[in-house]
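S.K.: Sharing a structure, written as structure tokens. Questions coming.
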Amino acid sequence: SGYATQSVYQFCKPRTQRRVYAIKGSSQYGAPLISKRFLKHGRNTLFIVGGDTAKDSIFARLKIEEHGPRFMHFPTGHGYTEEFYRQLTAEEIRTRMRHGFPVRYYKKLRERNEALDCRVYNLAALEILNPNFERMAKNLEVKDKPVEDQGPLPKNVKQKPPRQQGGGFVDAWR
């Protein structure tokens, strides 16, 4: 919401129930990854994103070489080109003295850094939405028990058609 602020708020306000929120970058180094606040006019929800904190996390994760927690995966053939990696590593951490104290900041090395920005926003969205991955994995599990073939159904027994999965608010609670 740092650009076209009122348009962003007008877009997000009616979509809050669908968890569409406005975000804005924090100007402080070391700010928490996510801070939440409500705007007085219209009670919009705004999340402040600690971009430097997110970048610290991303660069630390890029150093992890073995698969496991926090390892970053880059599947082959999904748009991860050489340009993507240039953009992902387009910034580096630097330190300068300000009023006698060291201050850390990220300096752009290349003009294009959209891949890094997208990772920052993805990490922020993950923190905001806080999905239950264990429950999602359980819902996706395939039953190991094979279905036994019991032959055709008798003519007087009607087979129910498979239930269609609906979308939206009403079906989401099931």
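The values are calculated or read from the model by the stated rules, or taken from the named source; none is laboratory data. None of the values given here were measured: they were computed from a predicted structure. For neighbour counting, all protein chains shown are included, and Cβ atoms are generated from backbone atoms with ideal geometry for every residue, glycine included. Side chains included, ligands, DNA and RNA excluded: accessible areas come from the protein's heavy atoms. Shrake-Rupley method; radii C 1.70, N 1.55, O 1.52, S 1.80 Å.
S.K.: Quick check on segment 12-31: of everything there that is closer than 22 Å to Y105 by Cβ, more than 16 Å from the chain's Cα centre (by Cα) and touching a residue at least 12 places away in the same chain (Cβ under 8 Å), which residue is most open to solvent (accessible area, probe 1.4 Å)?
M.R.: Q28
S.K.: Just to check your reading of the model, which residue among F38, F47, F74 is in contact with a Lys or Arg (Cβ under 7 Å, 6 or more places away or on another chain) and closer than 25 Å to P131 by Cα? Step through it out loud before you land on a result.
M.R.: Details: F38 fails: in contact with a Lys or Arg (Cβ under 7 Å, 6 or more places away or on another chain); F74 fails: in contact with a Lys or Arg (Cβ under 7 Å, 6 or more places away or on another chain).
That would be F47, the only listed residue that is in contact with a Lys or Arg (Cβ under 7 Å, 6 or more places away or on another chain) and closer than 25 Å to P131 by Cα.
S.K.: For segment 78-88, how many residues are open to solvent by less than 80 Å² (accessible area, probe 1.4 Å) and out of contact with any helix residue (DSSP H, G or I) (no Cβ under 7 Å at 6 or more places or on another chain)?
M.R.: Qualifying residue count, segment 78-88: 4.
S.K.: Checking M72 against (1) open to solvent by less than 70 Å² (accessible area, probe 1.4 Å); (2) within 22 Å of S26 (Cβ to Cβ), which single condition isn't satisfied?
M.R.: All conditions are met except number (2).
S.K.: Please go through segment 97-109 and pick out each residue that is touching a residue at least 24 places away in the same chain (Cβ under 8 Å), open to solvent by less than 90 Å² (accessible area, probe 1.4 Å) and of a type outside the set (A, V, I, L, M).
M.R.: Hits for segment 97-109 are Y105, Y106.
S.K.: Test of understanding: among E134, E114, E148, which residue is among the charged types (D, E, K, R), open to solvent by 100 Å² or more (accessible area, probe 1.4 Å) and at pLDDT 65 or above? Reasoning before the result, please.
M.R.: Details: E114 fails: open to solvent by 100 Å² or more (accessible area, probe 1.4 Å); E148 fails: at pLDDT 65 or above.
Among E134, E114, E148, only E134 is among the charged types (D, E, K, R), open to solvent by 100 Å² or more (accessible area, probe 1.4 Å) and at pLDDT 65 or above.
S.K.: Moving on to the next point. Quick test of your reading of the structure: E91 fulfils all but one of (1) touching a helix residue (DSSP H, G or I) at 6+ places or on another chain (Cβ under 8 Å); (2) surrounded by 16 or more Cβ atoms within 10 Å (Cβ to Cβ); (3) within 20 Å of I128 (Cα to Cα). Name the failing condition by number.
M.R.: (3)
S.K.: When segment 52-69 is examined, which residues are found to be of a type outside the set (A, V, I, L, M, F, W, C) and in contact (Cβ under 8 Å) with a residue 12 or more places away in the chain?
M.R.: D52, T53, K55, D56, S57
S.K.: Test R119 against the criterion of being over 26 Å from T5 (Cα atoms), touching a residue at least 12 places away in the same chain (Cβ under 8 Å) and basic (K, R), and give yes or no.
M.R.: Against the criterion (over 26 Å from T5 (Cα atoms), touching a residue at least 12 places away in the same chain (Cβ under 8 Å) and basic (K, R)), R119 does not qualify.
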